[in-house]
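Here's the structure we're looking at; comments come further down.
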Amino acid sequence: MQKEKELLKNIFGYDEFRSLQLEIITSILNKKDALVVMPTGGGKSLCYQLPALMFSGLTIVVSPLISLMKDQVDQMTQLGVEAVLLNSSISRQEYNENINMIREGSVKLLYVAPETLLKNDILQFLQTINVDCFAIDEAHCISEWGHDFRPEYRKIANVRKRFPGAVCIALTATATARVRSDIRKNLELNETNDFVASFNRGNLFYKIVPKDNPLEQTLEFIKQYKNESGIIYCFSRDSVDRLYLNLKKHGYSVRPYHAGLSDEERQENQNLFLKDDVQIMVATIAFGMGIHKTNVRYVIHFDLPKSIEAYYQETGRAGRDGVDSTCLLLYSYSDIHKIRFFLDQKSDNEEKRAAMTQLNALTDYADTSSCRRIPLITYFGEEYTESYCGMCDNCVTPEEHSDDITVHAQMFLSCVKRTGERFGAGHIIDILRGSKSKKVNDFNHQTLSTYGIGKAYSKDVWMKLVRQFMKLKLVVSDTETPGVLKLTEKAFNVMKGLETVTGSMHEEKKRYSSDSSAREYDAALFEILREKRKELASAENVPPYVIFSDKTLFEIASFYPRDHESLLKIHGIGAHKIEKYGDILLSITDSYCSENGIEKSFEEPKVKEYLKTPRHIEISELYNSGISINELVEREKVQPRTVMDYLFRYIRDGGSIRKDLLVIICRLYYLAAD
Ligand code: ADP
Ligand code: ZN
C-alpha cells in the first residue's frame, strides 16, 4: 500500500485513490484478472498505469482508438513514464524505434491497436518479452451487444492465452449486464473479479429549461463561460450549421462538426477544439467518441437526445477532470409531442412499445420535480438513495408545487371521458384549445362542451400539465395502444370535486444565473497560467490538458504555491512535472504576487474552494453567520420553505445551526419527515 500511495503522489501527483482504484490495483498486482466498469472520467486508466510502474515486465494496453492512444502516450511521457505506441498511424522509423525500446526493456507501457497486436511478427516478438499485464481498454468492443462491436477484438482472447504469466484487466464504461457478461465470457474472466463503480458523476450539474427561444437561451448560458470549452449537440447537420453561424456572428470562437463535412475539415475542427484554439464545438452526435479532452466545462443539448443512455454518454464528456461542469438540456414539449405522434403512427406494436419506453424514460427525467440524479442513475439499474444532490436544478431551486390545478385537471379529464377514452393527449389538447384540425372535424369534436374551454393556455403548458396528470395517475397510457389515455378511479374523484390537484403551472423558469462561477480562485492568475499552458503545449505539440489539467491551474490560482514543496501539494503535480515545469510556474506566481501585492501564504489545498459548496451548506452557513431567514429569502431568491429544507438537511448531515426558535421548528419538521 505504501508503495502504491507513494507512486500515486510522486508520479501522478494525486493525494488519494478514487473509489475502487486501490482494490483494482491490488487485484492486478496479485495477478488476479479484473473487469472494471466505471463511468467516463472515473479514473480507469490509473488502474493499469500504476501497476505497470510496479511490474518488472511490460504492460500491453489494447485500445481501439488511435487518437486516444496518442493522448495517453503523451500523458505518460509528461509524467516521465516510458510509454510507446504501435499502430498504423506512425512512420516506419518510429515503429522500429519503438520496437527497439521494448526489446531493451525500457518501456513500461505499450499501447497497441488490436489489428497490430494480431499480426504474427508482432505476436512472435512480444512472446520474447516479459509481459506482466494485458489491459483491454473499451472492452465493450468485444460484445455484439455493445454500441461499438469490433470483430478483431474477439481474437484478443486467443492472444492472451499465449501469455499465461500476464494478468488481464478489461475496462469499459458500458454498464449493461449483457455486455459485461459477454466480456467476461469472451476473455474467460472470473466473476468474482468484477469491479463496478457508481455511475453518479458528482461534478456534473444537470439542468433543464423549457426550450422557447433556443438561440437566445444558448447565448445567455454560454456568456458565463468565456474562454472555457463546451460542446453543443444538435439533432441535424442543418441545425448544427445554423447554430454555428449564429454563434460566430455573435463573436464566439466556434466550429461545426458533423458527417456532412469532409474528413479534413472534421479533423481540423476537432484538433482546434482539443488544443483550446477554439472554445465551442457545435456538433451532431458524430462528435465525441474517443475525445479525451478533460476540460470541457459544459455540454448543451440544443435538441432532444436520442435516449437517456445517449444523454448520459454525451453529457459525460463534460468535466472529466473532476471540476464542476454543467449539462444543460433545452427541453421542448412540442418535440416530445411530435415524436409521440410519430410513434403513434407506427404499426409494429413491439417497436412502438420499445420506442415509447425510451421516450418515457427521457420525459420522466425531464419532468421530475425531485433530484435529477434519481431517474438518471436508477435507469442504469443502480440504487440511488440521496434525496438532494445539490448539483441539479431541482435540488438548487426546488420546484414549488403550490399551484391549484384542479380546474385544469377537470377540463382535461372530462374531455378524455367525453371522447370515449380513445385518444392521446395531443388530440385532447387540440379539442380543449379549439383547434380546427382535420381530426377534430372528422370526429365532430367541435360540438363537444369541452371544445375550446382551454384556449387560455398554450399547447406547451397543456403538455406539461398532462405529464403531471400522468404522474399523479389521473390518466394512464393504454397498454394495448400506448399513447391512448384511460381514466383512473382517482380521475373520477377529481371530476366529482372530491379531490383537489396541486402541481406547477409555471412554464418558464430562468434558472441559468443561480449556479456556476461559485468557484473561488484568482481568475486573472488563472488566465495567465492558461496562456502559459497553451504555449508549453504548442511547443511540445500536445493538447494543453495533457500538460496540466484545469484542476491543477485552479489550485495554483487559489493557493499561490511559493516553493517546490508547496507546489507538490497541488493536484496533478508529481516529481516529473515539478522538475520540468516547477520553475516556470513559480516564476509566474512570484511575479504575479509581487505585482499585485499578494502575500503568498500557501495553505494545504484541503478545502477545494473553487468547487461549488452544496447549496444547503452554503445557505445554512449564511444563516449561521447571523443572516435572518427573511434576509436569506430576499438575498438568495429562495422560498422560506426551501430555506427550511436546507437547514433541515444540514442538521440531518450532522451540522448544527445557531440556536433560536428555528431549532425547535426544524426538530418538529424532522419528526414529521421521519
Ligand atoms: P476514464 O478512462 O475512466 O474515462 P481517466 O482514466 O481518463 O478516466 O481519468 C479521468 C481523470 O481523472 C484524469 O484526468 C485522471 O488524471 C484523473 N484521475 C484519475 N485517478 C485520480 C485520482 N486518484 N485522483 C485524482 N485524479 C484522478
Ligand atoms: Zn439533485
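Laboratory data are not the source of any read-out in this text; all were calculated from the coordinates shown. What you are looking at is a predicted structure, and each value in this text was computed from that prediction instead of being measured. All Cβ positions, glycine included, derive from the backbone under ideal geometry; neighbour counts span all protein chains shown.
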Exercise for the section: Within region 432-471, report the trypsin sites (Lys or Arg not before Pro) that DSSP leaves as loop and that have at most 15 other Cβ atoms within 10 Å. Expected result: Lys436, Lys455
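Over the chain, what is the relative contact order in whole percent, taking alpha-carbon pairs under 8 Å and six or more residues apart?
Working: 1035 pairs, mean separation 83.7, N = 674.
Relative CO of the chain lands at 12 percent.
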Practice task
Give the distance, in whole Å, between the Cα centre of region 157-186 and the Cα centre of region 244-272.
Solution key: 37
Completion exercise
Output row, site Asn349, 7 Å Cα→C-beta label point, backbone N cut-off 18 Å, window region 479-496, residues 479-486
Completion exercise
Expressed in angstrom and rounded, the centroid-to-centroid distance over alpha carbons for region 306-356 and region 73-116 is 40
Completion exercise
Toy charge model, Lys and Arg Cβ at +1, Asp and Glu Cβ at -1: region 105-185 dipole around Cα centroid in debye, rounded to 20, equals 300
Exercise for the section: Kindly express, to the nearest 10 degrees and within the range 0 to 90, the angle between helix 640-652's C-alpha long axis and the longest C-alpha principal axis of the chain. Expected result: 40
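DSSP beta bridges in the chain, what fraction antiparallel, as a percent rounded to 5?
On the way: 5 of 54 bridges.
Just about 10 percent of them are antiparallel.
Mind running the shape call on region 251-338? Use the C-alpha gyration tensor, a ≥ b ≥ c as the square roots of the eigenvalues: rounded below 1.5 for a/c, prolate if a/b tops b/c, oblate otherwise. Display every interim value, and only then the final one.
On the way: a/c = 1.82, a/b = 1.30, b/c = 1.40.
Note, shape of region 251-338 comes out oblate.
Let me have the relative contact order for region 123-280, percent, based on Cα pairs under 8 Å that are six or more residues apart. Can you show the working numbers first?
On the way: 128 pairs, mean separation 26.0, N = 158.
Value for region 123-280: 16 percent.
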Problem - Fewest-first ranking of Thr450, Thr128, Thr326, using other Cβ atoms within 10 Å as the exposure measure - result: Thr128, Thr450, Thr326
Practice task
Measure nothing fancy, just the Cα-based angle from helix 66-78's long axis to the longest principal axis of the chain, in degrees from 0 to 90, nearest 10.
Solution key: 60
Completion exercise
About its Cα centre, the chain carries a charge dipole, from +1 on Lys and Arg Cβ atoms and -1 on Asp and Glu Cβ atoms, whose size in debye to the nearest 20 is 1700
Exercise for the section: Under 1.5 on a/c is rounded, so check that first for region 19-174, then, if it is not, pick prolate when a/b is larger than b/c and oblate when it is not; a ≥ b ≥ c are the square roots of the alpha carbon gyration tensor eigenvalues. Expected result: rounded
Fill in the blank from the handout: Sequence order, region 234-242: Karplus ³J(HN,Hα) from phi using 6.51 cos²θ - 1.76 cosθ + 1.60, θ = phi - 60°, Hz rounded, Gly and Pro as x, gives 10, 6, 10, 4, 4, 5, 4, 4, 5
Problem - In degrees, nearest ten, helix 661-673 long axis to first principal axis of the chain (Cα) - result: 80
Exercise for the section: Quick one: grab the alpha carbon gyration tensor of the chain, order the square roots of its eigenvalues as a ≥ b ≥ c, and give me rounded if a/c is under 1.5, else prolate or oblate depending on whether a/b is larger than b/c. Expected result: prolate
Practice task
Give the residue from Val461, Thr419, His445 lying farthest towards the positive end of the charge dipole for region 403-503; charges sit on Cβ (+1 for Lys and Arg, -1 for Asp and Glu) and the dipole is referred to the Cα centre.
Solution key: His445
Problem - Sequence of Ser594, Ser566 once ranked by neighbouring C-beta atoms within 10 Å, starting from the fewest - result: Ser594, Ser566
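Using the count of nearby Cβ atoms within 10 Å as a rough guide to exposure, how do Met463, Met505 rank from fewest to most?
Ranking Met463, Met505 by Cβ neighbours within 10 Å, fewest first, gives Met505, Met463.
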Problem - Unit charges on C-beta of K, R, D, E only; dipole of region 208-340, Debye - result: 140
Fill in the blank from the handout: Here, Glu535 and Asp403, labelled 7 Å along Cα→Cβ, have an inter-label distance in nm of 5.5
Completion exercise
Between Lys249 and Leu272, the two model label points (7 Å from Cα along the beta-carbon direction) sit apart by a distance in nm of 1.9
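Please give the calculated 222 nm ellipticity per residue for the chain, where each DSSP H segment of at least 4 residues contributes -39500 (n - 2.57) and the sum is spread over every residue; nearest 500 deg cm²/dmol? Don't jump to the answer; show the numbers that get you there.
On the way: 32 runs with 314 residues, N = 674.
Value at 222 nm, helices only: -13500 deg cm²/dmol.
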